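In what follows, a structure is listed as structure tokens, so that the remarks can point back to it.
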Amino acid sequence: MSVTVTTPAKPDRPVRLESAAELDALVADHDLVLVDFYTKGCTLCQSIEPVLGNVHRVSEAVVALINPVNDIDLVETYNVRSVPTLLLFKDGDVVGRLAEGFQSTEQILSFVESA
């Protein structure tokens, strides 16, 4: 008897997360996850959100957004010192960090494809 393990399908759009537990579950379920750490009222964070939608549509990565204020332990766990901070997870591990303000679709795609 063989056991088939299936990975959940990629969501249709970027996913909004509320907690470290939700982040952990998403990263465990998908091979490549790009996470945007943002805060409410951050104009750079607001302007990068449509770019992340583009990245989600054209890349293999699942894109997620999380406000670390909702689960403050995320700030220390992932060393978030500014927003927006993008972390790239591959096979459950952080393999990249991009915390340089606004980035274009092409810049973020290049970052994701470097994994």
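Treating r as the C-beta distance of Ser47 and Thr77 and R0 as 22 Å, the FRET efficiency rounds to 0.25. The order of Phe102, Phe111, going from fewest to most other C-beta atoms within 10 Å of their C-beta, is Phe102, Phe111.
How much FRET efficiency would the formula 1/(1 + (r/R0)^6) give for Asp24 and Glu106, where r is the Cβ-Cβ distance and R0 is 35 Å, rounded to 0.05?
The calculated FRET efficiency here is 0.70.
Considering only DSSP beta bridges where both residues belong to the chain, give the percentage that are antiparallel (nearest 5). If I count the DSSP bridges inside the chain, around 60 percent turn out antiparallel.
Rg and Dmax of the range 15-113, based on Cα coordinates, read 12.1, 32 Å.
Peptide packing for 89-96, 57-64 was compared via the average number of neighbouring C-beta atoms within 10 Å per residue; ordered from the highest value, the list is 57-64, 89-96.
Rule-based calculations on the coordinates, nothing more; no lab input. Remember, predicted model here, so these are calculated numbers, not experimental data. Every residue, glycine as well, gets a Cβ built from its backbone with ideal geometry; the counts of neighbours run over all protein chains shown.
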